[in-house]
Amino acid sequence: MPKAVYIETFGCQMNVSDSEVVAAILRMHGFTLADTPQRADVVLINTCAIRDNAEQRIWGRIGFYEAFRSAKPIIGILGCMAERLKEELIRTKRAVDLVVGPDAYRQLPTLILHAAEGQKTINTTLSREETYDEILPFRDAAPGISGFVAIMRGCNNMCSFCVVPFTRGRERSRAPQSILREVAELESSGYKEVTLIGQNVDSYHASKGNGETFDFADLLADVAMNHPRLRVRFSTSHPKDINARVLQAIATYPNLCRHIHLPVQAGASSMLERMRRGYTREHYLALIDTIRATLPDCAITTDIIAGFCDETEQEHEATLSLMETVRFDAAFMFKYSERPGTLAARRMKDNVPDELKGKRLEEIIQLQNQHSRIKNSAHLNQSMEVLVEGESKKNSDELCGRTSGNKMVVFPACNARIGELRHVRINGYSSATLRGDLVDQN
């Protein structure tokens, strides 16, 4: 019987959280976790399907494991790519032994045993109820600094470009008590920060038991009140769903981080309509004004897609002008990548030439880099509270950590320790990073 399992995770924060759920389920059934694939009887690859290049990386990893298949690890594909491709994974890659979607992880111990007996196994059934509520995710090794807590699964928004509703199913919210229990466990284990995650956290809802709804603002308030020494972040918000009560909760509790990730995707209302985003340019800009009026010190970041179907030069310019108006602190920026099965793939033409997509993306990136530098320059000479996360990647004599607004700060280590909240006076910046010195070096 196979015992040692190696889990390799690609993609978003939800996948990291899911891999921790998978680890917990397998440990409950007597499996151990291997620290390298060479020491494993089973290799599970938790996959991403949001863009084509994400899937190409997975194909490459499967090929990597095929190369040492004489050791015969069982190879399993989990997550969004498993859900999207299903049987095609086994037909295309003989090395793959099992394919398991995001809502079927409870079945993994049984499926692994079947694979060990030589059976190719698949379970990609999506659920309307599964939230893995009672399973406490297993976080390997020493306690970390920041942990992800999934508060919901799935997405109901059906944006025309997005494959997530097809790979993760309909929205389901976890019970508040389950979320609070997991947050409490993280804090008791030494974690200093949690990030509440979901495809659209603003649509979180549960019942209070008296006919009233317990919504995301209520959840934020409960987590913040019950854990005042714990930093609390959340991601991702949706412009059509975030509301004044969420903003007021952030304003009320100092441990709720002053950072909102608010994907705009495009700056022209005509593009937003084709994308089925559910809001207009004017709505988004009004929302930015509301956030800044309620939370003047709040960092705002976003996602932007270049070259979506039928994008005109005027629509591209509208994206650039919206960026100029908002001046985001940072952004994730991508060329449009058609995803099979989506509305855009079925009914629209991916007709912006790749070279033009690249040109437009480069203009977006250059503009955002300018804005990020301007935003970061405003922190010069400020003393900022930083949660120390670890050593700087470039210099072992320096430490790094994040501000409440999610700005990365690098500073000489002096007497600071990982996990501490320390004040750093900013004396330098780039588009991506702040630099400074500890205010109190004693």
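The values are calculated or read from the model by the stated rules, or taken from the named source; none is laboratory data. Since this is a predicted model, take the numbers as computed values, not measurements. Cβ atoms come from the backbone with ideal geometry, glycine included; neighbour counts cover every protein chain shown.
Applying the criterion of being in contact with a Leu (Cβ under 9 Å, 6 or more places away or on another chain) and among the acidic types (Asp, Glu) to the residues of the range 190-235, the residue that is nearest to Val16 (Cα to Cα) is Glu193. Does Gly154 satisfy being closer than 30 Å to Arg274 by Cβ, touching a residue at least 40 places away in the same chain (Cβ under 8 Å) and of a type outside the set (Phe, Trp, Tyr)? So Gly154 passes the test. Could you list all residues from the range 81-117 that are farther than 26 Å from Gly30 by Cα and touching a Lys or Arg at 6+ places or on another chain (Cβ under 7 Å)? Once the filter is applied, which keeps residues that are farther than 26 Å from Gly30 by Cα and touching a Lys or Arg at 6+ places or on another chain (Cβ under 7 Å), the range 81-117 yields only Ile90. Of the strands (runs of 3 or more DSSP E) lying entirely inside the range 166-242, the ones with 3 or more residues being crowded, with 18+ Cβ neighbours inside 10 Å and not hydrophobic (A, V, I, L, M, F, W, C) are found at 231-235. Just to be sure before I move on: is Arg245 in contact with a Ser or Thr (Cβ under 8 Å, 6 or more places away or on another chain) and on the phi < 0 side of the Ramachandran plot in the structure I sent? Against the criterion (in contact with a Ser or Thr (Cβ under 8 Å, 6 or more places away or on another chain) and on the phi < 0 side of the Ramachandran plot), Arg245 does not qualify.
Candidates are the residues of the range 1-52 that are closer than 22 Å to Phe64 by Cβ and charged (D, E, K, R); the one that is surrounded by the most Cβ atoms within 10 Å (Cβ to Cβ) is Asp18. The numbered conditions (1) polar (S, T, N, Q); (2) under 20 Å from the mean Cα position of the chain (by Cα); (3) farther than 20 Å from Pro165 by Cβ; (4) buried (at least 17 other Cβ atoms within 10 Å of the Cβ) are all true for Thr121 except (2). The set of residues in the range 199-254 being more than 18 Å from Gly154 (Cβ to Cβ) and acidic (Asp, Glu) consists of Glu212, Asp218, Asp222. Here Ser321, Ser269, Ser235 are screened, and the one residue that is among the small types (Gly, Ala, Ser) and within 29 Å of Leu421 (Cβ to Cβ) is Ser235. Of the residues making up the range 1-32, those that are aliphatic (A, V, I, L, M) and either in contact with a helix residue (DSSP H, G or I) (Cβ under 7 Å, 6 or more places away or on another chain) or in the same structural domain as Gln199 (by TED's automatic domain parsing) (or both) number 8.
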